[in-house]
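What follows is a structure written as structure tokens; I'll ask about it next.
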2 protein chains.
Amino acid sequence: MDFDLLGRTARRAARRLALLDRAAKDAILLAMAAALKSDADSILAANTRDVAAAEAKGTSAALVDRLRLTPARLDDMAKGLIEIAALPDPVGRSDSSWVRPNGLRIEKVTVPVGVIAIIFEARPNVGADAAALCLKSGNAVILRGGSEAKESNAAIASCLDRAGRAHGLPEGAIQFLPGGDRALVKEMLRLDKYIDLVIPRGGDALVHFVAENSTIPVIKNAGGVCHLLVEASADLAMAESILINGKCQRPSVCNALETLLIEKSVASVAVPHLAAALRTAGVEIRGDAAWRSFDPAAKEASDADFAAEFLDLVISCSVVDDLGAAIEHINQYGSGHSEVIITNSSQAATRFRQEVDAACVYVNASTRFTDGGQFGMGAEIGISTGRLHARGPLGLQQLVTWKHLVSGNGQIR
Amino acid sequence: MDFDLLGRTARRAARRLALLDRAAKDAILLAMAAALKSDADSILAANTRDVAAAEAKGTSAALVDRLRLTPARLDDMAKGLIEIAALPDPVGRSDSSWVRPNGLRIEKVTVPVGVIAIIFEARPNVGADAAALCLKSGNAVILRGGSEAKESNAAIASCLDRAGRAHGLPEGAIQFLPGGDRALVKEMLRLDKYIDLVIPRGGDALVHFVAENSTIPVIKNAGGVCHLLVEASADLAMAESILINGKCQRPSVCNALETLLIEKSVASVAVPHLAAALRTAGVEIRGDAAWRSFDPAAKEASDADFAAEFLDLVISCSVVDDLGAAIEHINQYGSGHSEVIITNSSQAATRFRQEVDAACVYVNASTRFTDGGQFGMGAEIGISTGRLHARGPLGLQQLVTWKHLVSGNGQIR
């Protein structure tokens, strides 16, 4: 693998991409969407090989399902590209401008980040989405998918690259690194000369590997250990509805709930009520000692259960002394993703919003809304649980940086 | 060194700092400014010990001068704190807010980053400035100064911490790591659990060491290899004035000029004119072959000279074929800091602004204006040559992150 060539090619492509206007980028995206449909047969054939290999290895049915492409899923992938074409161009936006007393005019405008590497696992559609978002924001992209989807990812990347280049996409704007060899990733993570940003999208092991080994800036999409707090003044029916939605609507995603906290003063009513609702929905309850004093049927929760992202129909539960104790629990065990309080007290809501440290802090609504589409931002590459550059949904507006344009007529210091 | 304790203490302090309002933070800053004056004797005595040790080691006069504190410099340091108190609070600003069709209200507000480590060299005033900027933006700070200023840095940090805590500064909000042992820094750079951001401020060796060893996000303040391009339509008198200002007014800083490029079509007039002006100002000229064909007295420039940040009265010079070649040279050798074109052509100006990849791109003004104060942003910790989170002057507005506050009345997906 000639990483220097890979990097130089990507950098050169990035310089050309930065100059493309919106119409040019959208035309490329629409050509790519069309190609995903016209190349459907070969992409689906590649995917069939991946699925067969996964099944032969005894991969779980859930994972095989995430890996499998169908004509309908390929259509959705194409629709995703068309939707990204319809979004506003994040490049060239004037962030602010001002004139100094000496007459210098300063304008801060958005420009592409440059070269972005996306390291992803499992679902092959992530590669197409990520490539489209990078292209729309004027960035060159290096895609590195997981080994389990290596044939599918290669087929999709080559389809997008070929269709794009026939419509003005610079050579090297979409490059593809085959999955399977972590040593290659490790080497790529040191190309800080050529790559400006790495976005890992996958499990915690992947995210940690990247953070540990990268000399390139990383935007983490780590897991969500999301909490729901039933405050003393909460409407119990609303708490039940938001709890069941957050835990059960799609347990395998990062904005699903993992922990339920109930204030002691309402525990004698709220614990039995919500425990029954959870059990009816098929959720396994793991409670601390205080919880089990109100719900003896619960399993015993370990400390690790409170830090766990179950991604399954399991929930850890605790009865907390008061709002302060709840906030402390969340700031200790939470992953800074999405947290919600159910309350009718504006004072409690304000304190929760101020003191809980997370990308998204909710009052009386489901954490399942933490999503670029649901937030009205359009498609996203993930949810950043890091604190720098982007926090929360990572969409087009977060894939740019800035340039200060300073104009004068001879000013010196 | 108990790094776990250091980190936990800083995190706890950060949670409390995030809740302080502007009046509380400003009162602490003013108390610190007063303490720098009332503690002047002991700070100056500590500095005298550093200066004596540096002189005994044979440190250059220039470095000793940067190290030396005087009552006037201490006064300036105090004034810097008072100025930071007068700046607007960057925390709690509403970045944007919107309402979704389902009635969810989303507000993106600024919050402190959390815990910031500042690793700096040489001038002891950097520690006070950095601590004040972090405090004003609600961040806990861990300061790590260079070994040459270890007594001065310790005296200043302890003065600020003591004065601050007497006025409500949380314990651990300003912590200090003594200089001298790089192994300690290396260990600190892995505390990603507790530290949210590392800002190295110093030479390239320091910046690379940090980028190489940190698992914490880094905002680089690397050097500036800044170019001035004399475009074909340039006003030669303006070019001379901006060139001499950029190269000579303060050669040791990152926004000083290091390279002069002249378009071939005007070289026969511009090269002799500007070479004479540079020599009159005492600047050593290192030219490429094309340059020397117009200025045979110039020394020969090596390729390394074009990548060098001289920080001295030395300049590398090249005659380039056209605007495109100039832009290519800048994007190849520049460090992405500040670049300037001297031109009377709006077309050339537009192309330069679009294609040059740097934090600050100037038309007809000195690169020496790249500075938080000169930009009207107030005090700064440095100039970011990185592309993520902050690019250009790194002031209060860049020391925050965001939180999404989502309010509903029971919405679920």
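Give me the residue from region B:194-205 that is modelled with pLDDT under 90 and in a loop (DSSP other than H, G, I, E, B) and, out of that set, surrounded by the most Cβ atoms within 10 Å (Cβ to Cβ).
Looking at residues that are modelled with pLDDT under 90 and in a loop (DSSP other than H, G, I, E, B), I get B:Gly202.
Quick check on region A:378-387. Is at least one of its residues outside the structural domain of A:Pro251 (by TED's automatic domain parsing), buried (at least 21 other Cβ atoms within 10 Å of the Cβ) and within 30 Å of B:Ser241 (Cα to Cα)?
No, because not a single residue in region A:378-387 is outside the structural domain of A:Pro251 (by TED's automatic domain parsing), buried (at least 21 other Cβ atoms within 10 Å of the Cβ) and within 30 Å of B:Ser241 (Cα to Cα).
Which residue out of A:Asp196, A:Asp235, A:Asp204 is in contact with a Pro (Cβ under 9 Å, 6 or more places away or on another chain) and acidic (Asp, Glu)?
Exactly one of A:Asp196, A:Asp235, A:Asp204 is in contact with a Pro (Cβ under 9 Å, 6 or more places away or on another chain) and acidic (Asp, Glu), namely A:Asp196.
Which is more than 14 Å from chain B (Cβ to nearest Cβ), assigned to a helix (DSSP H, G or I) and either in contact with a helix residue (DSSP H, G or I) (Cβ under 8 Å, 6 or more places away or on another chain) or surrounded by 20 or more Cβ atoms within 10 Å (Cβ to Cβ) (or both), of A:Ala23, A:Ala13, A:Ala27, A:Ala34?
A:Ala34
Moving on to the next point. Among the listed residues A:Ala211, A:Ala270, A:Ala256, A:Ala237, identify the single one that is surrounded by 22 or more Cβ atoms within 10 Å (Cβ to Cβ) and within 11 Å of chain B (Cβ to nearest Cβ).
That would be A:Ala256, the only listed residue that is surrounded by 22 or more Cβ atoms within 10 Å (Cβ to Cβ) and within 11 Å of chain B (Cβ to nearest Cβ).
Now for a separate question. Taking region B:303-331, which residues are in contact with a Leu (Cβ under 9 Å, 6 or more places away or on another chain), within 21 Å of A:Arg12 (Cβ to Cβ) and of a type in the set (A, V, I, L, M)?
B:Val320, B:Leu323, B:Ala325, B:Ala326, B:Ile327, B:Ile330
Output the number of the condition that A:Gly336 fails; it satisfies all remaining conditions of (1) part of a loop (DSSP other than H, G, I, E, B); (2) facing chain B (nearest Cβ under 8 Å); (3) within 28 Å of B:Leu19 (Cβ to Cβ).
The number of the failed condition is (2).
Enumerate the pairs (first residue in region A:395-413 and facing chain B (nearest Cβ under 7 Å) and within 16 Å of A:Ala140 (Cα to Cα); second residue anywhere and assigned to a strand (DSSP E or B) and among the hydroxyl-bearing types (Ser, Thr, Tyr)) with beta-carbon separation below 9 Å, excluding pairs fewer than 6 apart on the same chain, so at least 6 apart or on different chains.
A:Thr401/A:Thr110
Scanning region B:220-234 for residues that are within 17 Å of the chain's Cα centre (by Cα) and either at the interface with chain A (Cβ under 8 Å from one of its Cβ atoms) or not in a loop (DSSP other than H, G, I, E, B) (or both), which turns out farthest from B:Tyr194 (Cα to Cα)?
Only one residue tops the list, namely B:Cys226.
Restricting attention to region B:364-383, which residues are within 18 Å of B:Phe120 (Cα to Cα) and in a strand (DSSP E or B)?
B:Glu380, B:Ile381, B:Gly382, B:Ile383
I'd like the residue in region A:97-110 that is in contact with a helix residue (DSSP H, G or I) (Cβ under 9 Å, 6 or more places away or on another chain) and within 8 Å of another protein chain (Cβ to nearest Cβ) and, out of all such residues, is surrounded by the most Cβ atoms within 10 Å (Cβ to Cβ).
Within region A:97-110, the match that is surrounded by the most Cβ atoms within 10 Å (Cβ to Cβ) is A:Ile106.
Results for (1) within 23 Å of B:Val400 (Cα to Cα); (2) among the polar types (S, T, N, Q); (3) at pLDDT below 95, shown as yes or no for each residue.
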position	(1), (2), (3)
B:Leu169	yes, no, no
B:Ala173	yes, no, no
B:Phe176	yes, no, yes
B:Lys186	no, no, yes
B:Val207	yes, no, yes
B:Lys220	yes, no, yes
B:Ala232	no, no, no
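Further question: Just one of A:Ala276, A:Ala298, A:Ala290, A:Ala281 is in contact with a Phe, Trp or Tyr (Cβ under 8 Å, 6 or more places away or on another chain) and either buried (at least 20 other Cβ atoms within 10 Å of the Cβ) or not acidic (Asp, Glu) (or both); which is it?
The unique qualifying residue is A:Ala298.
Okay, moving on. What is the residue count in region B:244-294 for residues that are without any contact (Cβ under 8 Å) to a residue 60 or more places away in the chain, within 18 Å of B:Phe306 (Cβ to Cβ) and of a type outside the set (S, T, N, Q)?
20
Count, please, the residues in region A:55-80 that happen to be among the basic types (Lys, Arg), out of contact with any Lys or Arg (no Cβ under 6 Å at 6 or more places or on another chain) and in contact (Cβ under 8 Å) with a residue 40 or more places away in the chain.
The number of residues fulfilling the criteria is 2.
Right, something else. Checking B:Val361 against (1) surrounded by fewer than 20 Cβ atoms within 10 Å (Cβ to Cβ); (2) within 10 Å of chain A (Cβ to nearest Cβ): exactly one of these is not met. Which one?
For B:Val361, the failing item is (1).
A further question on this structure: Among residues belonging to region B:115-163 that are crowded, with 24+ Cβ neighbours inside 10 Å, in a loop (DSSP other than H, G, I, E, B) and among the small types (Gly, Ala, Ser), point out the one that is farthest from the chain's Cα centre (by Cα).
The residue in question is B:Gly138.
Further, regarding this structure: Please find, among B:Thr350, B:Thr367, the residue that is within 11 Å of chain A (Cβ to nearest Cβ) and farther than 21 Å from A:Val91 by Cβ.
Testing whether each residue is within 11 Å of chain A (Cβ to nearest Cβ) and farther than 21 Å from A:Val91 by Cβ leaves just B:Thr367.
The values are calculated or read from the model by the stated rules, or taken from the named source; none is laboratory data. Source: prediction; values computed, not measured. Cβ: placed from backbone, ideal geometry, glycine included. Neighbour counts: every protein chain shown.
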